[in-house]
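Data block below; observations after.
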Amino acid sequence: MTELYRVLEGGKVGIFESPTGTGKSLSLICGSLTWLRDHEEKKRQEEAEALAAEEAEKQEERNRNGPAVTGTTTEPDWVTEFLQKKEETDIKNKIKDDQLRRKRREEKLEKIRHNVQLKFAAKRKREEEDETIRLLRLSQQILSPGGDGPALEQGEEELVLAEYESDEETKKSADPDDDEDFEEEHVTKIYYCSRTHSQLSQFVHELQKSPFGKETRLVSLGSRQNMCVNADVRGLGTVQLINDRCMEMQKNKHDKKSEEPEGKKKRGSRLTCPYYAYDQMQHLRDEILVEVKDIEQLVSQAREVKACPYYASRYAIPAAQLVVLPYQTLLHDSTRRASGIKLKDQVVIIDEAHNLIDTITGMYSAQVTGAQLCQAHSQLAQYMERYRSRLKAKNLMYIKQLLFLLEKFVGALGGTALKSINDFLFYSQVDNINLFKVQKYCMKSMISRKLFGFTEKFGGLAVINPAKDAPKTGGLQQYLQNLTQKTQGGEGVADGAQEVSESEQVRSASPLMHIESFLFALTNANQDGRVLVQLQGTAAQSALKFLMLNPAVHFAEVLKDCRSVIIAGGTMQPVSDFKQQLLVAAGLVPERIVEFSCGHVIPPENILPIVLCSGPTNQQLEFTYDKRSSPDMMDETGRILVNLCNVVPGGLVCFFPSYEYEKLILDRWEKSGLLKRLEGKKKIFQEPKRSSRVEQVLSEYSRCIRVSGQSAGALTGALLFSVVGGKMSEGINFSDDLGRCVVMVGMPYPNIRSPELQEKMSYLDHTLPKTNGVSAGKVLIENLCMKAVNQSIGRAIRHRGDYASIVLLDHRYARPTVLGKLPQWIRSSTEVKQSFGAAFASIRKFFQMKKTSVPPS
């Protein structure tokens, strides 16, 4: 907490490592909010001193006899003095305004805290408005004439695109008196973000229990999917559809304000959200600031007062002291701006940040399949034909551009495997189209939402029948047929449309939504990404993938604006990736970076990490890709586990480098009889490939250990086979008897043959310097391996009374560069054992001592 306070006060960037069970969340809360409290008090003192100085100056002015007389004939001193005093007066007036605004806000919130009548005023007002709206709609139904004409079916008006205005046209037509976009000034605050909704809720609950739980103005932000209280919208399921429907309802609400009362026939009644009511959301905003709430509590209250919690929480951001939000909202530039987040001179804390680089890379990468491109082309072509007479010229122009892009992207599926952005655009023959304008059109017009509604109404995927529509789309279909015949050696399907319908189709909201993400990715700078063509058996299964190579270009905006940034996690080693790829690459000077790693709360004698270099028959352990498949190596690994099962109580978790190797080695053990020997020692469980079965397997594994621990007799327990980077290597708690020993089989290096990884290595080699003579690409490979190891072995020790042994099976772990990338609290206790006998003796002694010792209180 002291180090955190220093980093915040000095305006630096900190990388903080605090193992699970050491009170990381509470330390972040208390350290940062103590700094914020002191910072606000210091600011108030400075304001008071400035105002006191002003009073002193006024008194001095009153004591003067008059202005000083000068003998110069040039511009008099009083002009200079006047300008100086005006500037000082402006500053002091701003201080007074800030104080007054702060005082009014505190008084208002205090009233809400203690006045039950005010607390539920929003709910009563909303009920009255609901009744008024119901009566108005009833009147409209009675008085309204017929529809807009027989040409369109009922409700189909909603699918037709409104007239499109560019940003410049929107600015010209904007009402200068419209103050809906007026923004309150942001107070100094802390933005705390983490990966999952449950982690954020856990953080809020920690705050509620802390000394700061009563006085902190906290706002919990979440996605519309988590916060929407409109059952019709929430029922759409996917995030993209919920977002689009919400935005469309807002647009309808604003359009209704500007509709002319007379003249042209109006469109049919368009849906607006009853929860999107400004007054009600303002009431809910005040309620949010009064009491610390997590998202569930906020949504529950929003349902009571019938106001939108998604927008009310955003209205509360300016006055909040602590904003709790998911990664995507903070780290994605357009999402951040749309949420009303201002990072200037603020503090950002990024928790659970061990995968931060991958998270940012994933946010700004995108992929589309041939099936999605063909579906989108088919749907869009039919949409244009049906509504051609009703669409304005700009809509038609952009739709034709989108169709052109889709055709050219399909054509690119037959190209070479890897290209820069500019090369890809040139090869695809779309370099003459302004992708920035197309992207803005997609966002503002919400065409993907309209297209989804169109396909919903007129049937499934709306794949064009080539027999009927050959003149319109024959070129695309013929190309697909030819391309498929090439990729399959002439054994193609009858036509492209059939290929799309028979492939593994993506049943998401709309294929055009995925394509919009891909278009957005192509607007990155040429040097920051690559386009990969992933060829499969058919064109429909093939894909175009944009790979973001430089996450620092997007993280730089956060670093540039913030006063201070804290990157925290339970296991952050190795930290060189964070420093080089995110911080230094973003232009941060090394002097501004602070590293801090605290030890574990467990005593050193509660952990026994061992690097095992050879097995029971003196077979050297080296699980390289070439050697790990040898029968001798696999049998030696089995013998090690059999011996460990003899002395390890409770649960033993064994991590393999991949699913493929796990299957290979288990098949070998089954044939050699080793698996049967293991089953005689402990009951065997295996990590399921389906996420839906993880909880069931863990529950059975836990029950087996609990039952065996209660029974007398022979040593029993359970053995769990898992995979590094799988479903049990992160976020799973193997505390106490669930994980008395963790075995890591080999070093889980990533697949170096992967085109994505090869391109990333090449990029780093060209942009980053060597480290101790080793290229940046090779450093990346080792760091990825050790990050995966650290996450897996960190599953065992979860609290101060826990104990476990960690066994690393590979002599390469003994290398100083590798040992140096283990967490400090593991590294300091690690023993390197060249022979199995010495290692086995240490492990047996460790568990014998734990069996006889009294657990710490």
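For the reader, a short list of remarks on this structure follows.
- Over the range 584-668: Rg over Rh, Cα atoms, Kirkwood Rh: 1.16
- Dimensions in Å of the range 801-857 - Rg and Dmax from alpha carbons: 13.2, 38
- Sorting 538-546, 189-197, 38-46, 8-16 by average packing, meaning the other beta carbons within 10 Å per residue, from highest down gives 538-546, 189-197, 8-16, 38-46.
- Looking at the range 546-595, the pairs of alpha carbons with a distance over 11 Å make up 71% of the total.
- The listed peptides 573-585, 675-687, 426-438, ordered by packing as a protection proxy, come out as 573-585, 675-687, 426-438 (highest mean of other Cβ atoms within 10 Å first).
- Extension gain for residue 526 to residue 333 (0.36 nm times residue separation, less C-alpha to C-alpha distance): 67.6 nm.
- Distance between the pseudo-spin-label points of residue 165 and residue 304 (7 Å out from Cα toward the beta carbon): 4.0 nm.
- Sorted on the mean count of surrounding Cβ atoms within 10 Å across their residues, most packed first, peptides 601-609, 383-391 read 601-609, 383-391.
- Kirkwood estimate for the range 601-642, i.e. one over the average of 1/r between Cα atoms, Å: 11.9
- When each of 579/833; 24/293; 627/663; 342/727 is checked by Cα-Cα distance, pairs over 25 Å: 579/833; 342/727
- Along its principal axes, the range 273-334 has C-alpha extents of 31, 26, 21 angstrom, given from the largest down.
- With 0.36 nm allotted per residue and the present C-alpha distance subtracted, the residue 437-residue 188 stretch has 86.1 nm of extension available.
- Each distinct pair of alpha carbons in the range 339-389 adds a 1/r term; the inverse of their mean, the Kirkwood radius, is 15.5 Å.
- Stokes-Einstein, applied to the Kirkwood radius of the range 605-761 over Cα pairs at a viscosity of 0.890 mPa s and 25 °C, places its translational diffusion at 147 µm² s⁻¹.
- Label-to-label distance for residue 751 and residue 684 is 2.6 nm, based on points extended 7 Å past Cα in the beta-carbon direction.
- A convex hull fitted to the Cα coordinates of the range 504-658 yields 277 cubic angstrom per residue.
- Radius of gyration and maximum dimension Dmax of the range 784-828, Cα, Å: 11.0, 31
- Its relative contact order, with pairs defined as Cα atoms under 8 Å and 6+ residues apart, puts the range 683-803 at 29 percent.
Read the figures in this text as sums done on the coordinates, not as results from a lab. As the structure is a prediction and not an experimental result, all values here were calculated from the model. Ideal geometry is used to build each Cβ from the backbone, glycine not excepted, and the neighbour counts take in all protein chains shown.
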